[in-house]
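**Q** Below is one structure. I have some questions about it.
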Amino acid sequence: MNTRDDLGARALHILESVFGYGSFRGEQAAIVDAVARGGDALVLMPTGGGKSLCYQIPSLLRDGVGIVVSPLIALMQDQVDALAEVGVRAAFLNSTQTFEESVRIERRLRSGDLDLLYVAPERLMTQRCLEMLDGVHDSVGIALFAIDEAHCVSQWGHDFRPEYIRLSVLHERFPLVPRIALTATADHQTRAEIAHRLQLEEAHQFVSSFDRPNIRYQIVEKANGRKQLLDFIEAEHAGDAGIVYCLSRKKVEETADFLNENGISALPYHAGMETAMRSANQSRFLREDGIVMVATIAFGMGIDKPDVRFVAHLDLPKSIEGYYQETGRAGRDGLPANAWMAYGLQDVVQQRRMIDESEADETFKRVQSIKLDAMLGLCETLHCRRVRLLDYFGQASQPCGNCDTCLQPPRSFDATVAVQKLLSTIYRVDQRFGAMHVLDVLRGADSEKIRQWAHDKLSTFGIGADRSEAEWRAILRQSIALGLIDVDHESYGALKLTDAARPVLKGQQSVQLRTYEKPVKSRRIGKPKPYVETELTSEEQALFEKLRWWRMETARKHNVPAYVVFQDATMREIAKIQPTSLDALRSVSGVGEKKLESYGEAIVALIAEQ
């Protein structure tokens, strides 16, 4: 039996010699230790926090093969390729393989020729696969079960996969094999649901900080969303890889076309595309530099590309969990990244309508409404967005200095009178008309429809003429977000007052709102944080670009994504210290023994040419 120190030393040796890192981060060491000793674990760790190592290293420490349950069929190949690059024997089983390929992998599995096997949950749950694992367990042994993207088990979540609920069979069938469930996104309710459905109530829970300090959060008033997006990319991310999320397939196609027409290399991705085209676009995004993927939320879960420099939203996400997970795909390498969103009145109306018109039961609709309210609160906050975001996940924090509300604090005003005018107008038109009509009455517009309904005779007609339509739309949007006004989609979008509006109308409650700011062309709002570590001298930058070119050619020969060879952060460190020997190169973070053997001499020679 190994002592704790022996196991810790072995784990650290694998971390250094295989993966090329000198020390564990955060709670990685404790998680590895717990699982390697046979314990179960539920791990919540932000994207880019190093979740994969938490099951990969225990798999290498324990006897047998580690079985990784992953819903990400399209990405399994890249994950296996990345492990092969560091000398780990890995394979996958999923529906993309031929019968002959599957048989070959199963033969390797039974003979003990694999350290890790990635399996899609649908495949794992077949009787044939479970019986095969019975045999593997009795012969070479199963080191552990890792259940990745564990939030897919939550029926309340945005990524629910029915087959995940059946994964409790693993504990029933293999009670002595440790299990580790991992996710980057789970509030208290989802965490409890994961533990219950996967029978992990007794598991050790490891909850890391949800903070991603290298990501800057920015939400702008939507005017012309696509043009604002283009301005943002040109101002801050020319030539960078990024992801743009849209709600509809049509908008994905139109936005990708628009970006291409304006000189941005963009590709579409949505569930309505041919499978081959979708896979080809994903492969290009992963394997080439500087591609912008325009997608619905069908794209992204488990994306390992570390150098995504921005994630943009042209439509409001349904929940903070969704927003956090999607924005978390930026800056996985720890270098500065941006989370940018254009948001307006129509987003609020559209999301409310989607909930109201869904076929879900009332309980589900109520949960979705609560989640949407939290998302709206993040958009409309007058204070630090990061504080609001982390508070949602139960983590207290201080203003970050790296979001738009910290860098350019929004102005606010006592909007009580303005909101009273708006609420009164909605009441005077009998709560039967939509936003445009209400705002026309408020501003005293001369229109046939207003005269037809005699709304030009109302006491509220023209009482808001001192404000522009854009200002009133901002006030209306914020009033809906605050729950003072509902949009009745069964009555063609009629605005209706809620019970919460009564104390405001009676003057018993004041309302503080953001001051409307006319949208301006995107520009940098200060240097991104952290930035000191990423700055290179002109000589170092030249070497870095040379290394990127070498990496691209090498990746093409190996038929793997460029980041699988080396991540940008590793190459920046190489460019900074310019190692002239294999021993010096060995000290660079991300350079393990296999990569040193494969690429060391080429890199040292390339540096000598400088």
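Read the figures in this text as sums done on the coordinates, not as results from a lab. In this text the structure is predicted, and so the values were computed from the model without any measurement. Please note: Cβ atoms are built from the backbone with ideal geometry, for glycine as well, and neighbour counts cover all protein chains shown.
**Q** Which FRET efficiency value, to the nearest 0.05, is calculated for residue 13 and residue 558 with the Förster distance at 22 angstrom and r the Cβ-Cβ distance?
**A** So the FRET efficiency works out to roughly 0.25.
**Q** At a 10 Å Cβ-Cβ cut-off, how would you order 293, 354, fewest neighbours first?
**A** Numbers: 293 27, 354 14.
Neighbour counts put them in this order, fewest first: 354, 293.
**Q** Measure off 7 Å from each Cα along the Cα-to-Cβ vector at residue 546 and residue 84, then give the distance between these two points in nanometres to one decimal.
**A** 3.0
**Q** Let me ask another. With labels modelled as points extended 7 Å from the Cα through the Cβ direction, what inter-label distance (nm, one decimal) is found for residue 103 paired with residue 196?
**A** Here the answer is 4.6 nm between the modelled labels.
**Q** While we're here: Kindly express, to the nearest 10 degrees and within the range 0 to 90, the angle between helix 225-236's C-alpha long axis and the longest C-alpha principal axis of the chain.
**A** 50
**Q** I've got another one for you. Between residue 111 and residue 234, what FRET efficiency follows from the Cβ-Cβ distance if R0 is 56 Å, with the result rounded to 0.05?
**A** Numbers: r = 55 Å, r/R0 = 0.98.
For residue 111 and residue 234, the calculated efficiency is 0.55.
**Q** For segment 4-207, compute Rg over Rh where Rg is the Cα radius of gyration and Rh is the Kirkwood radius from the inverse mean 1/r over Cα pairs. Display every interim value, and only then the final one.
**A** On the way: Rg = 15.9 Å, Rh = 17.0 Å.
On the Cα set of segment 4-207, Rg over Rh gives 0.93.
**Q** Let me ask something additional. According to a simple spin-label model (label point 7 Å from Cα along Cα-to-Cβ), what is the distance in nm between residue 261 and residue 188?
**A** 4.9
**Q** Of 208, 589, 459, how do they rank once you tally other Cβ atoms within 10 Å and put the fewest first?
**A** Values: 208 19, 589 14, 459 9.
Lowest count first: 459, 589, 208.
**Q** Going by how many other Cβ atoms sit within 10 Å of their own, how do 129, 246 line up, fewest first?
**A** Least crowded to most crowded, the residues run 129, 246.
**Q** Hey, could you grab the Kirkwood Rh for the chain? Inverse mean 1/r over distinct alpha carbon pairs, Å, one decimal.
**A** 26.5
**Q** Given a Förster distance of 45 angstrom, what is the FRET efficiency for residue 373 paired with residue 578, based on the Cβ-Cβ distance and rounded to 0.05?
**A** Numbers: r = 53 Å, r/R0 = 1.18.
The calculated FRET efficiency here is 0.25.
**Q** Additional query: To make sure I understand the rule: partners must be lysines, Cα under 30 Å from the Cα of residue 251, and not fewer than 8 residues away in the same chain. Which ones qualify?
**A** Output for residue 251: 222, 227, 305, 318, 365, 371, 496, 518, 521.
**Q** If you find the alpha carbon centre of segment 169-238 and of segment 61-83, how far apart are they in angstrom?
**A** What the calculation gives is 19 Å, centre to centre.
**Q** Another question, if that's okay. In whole Å, how far is the Cα centre of segment 367-420 from that of segment 264-340?
**A** Between the Cα centres of segment 367-420 and segment 264-340 lies a distance of 25 Å.
**Q** Would you list, by chain and number, the lysines whose Cα falls below 20 Å from the Cα of residue 457, excluding same-chain residues fewer than 8 positions away?
**A** 421, 449
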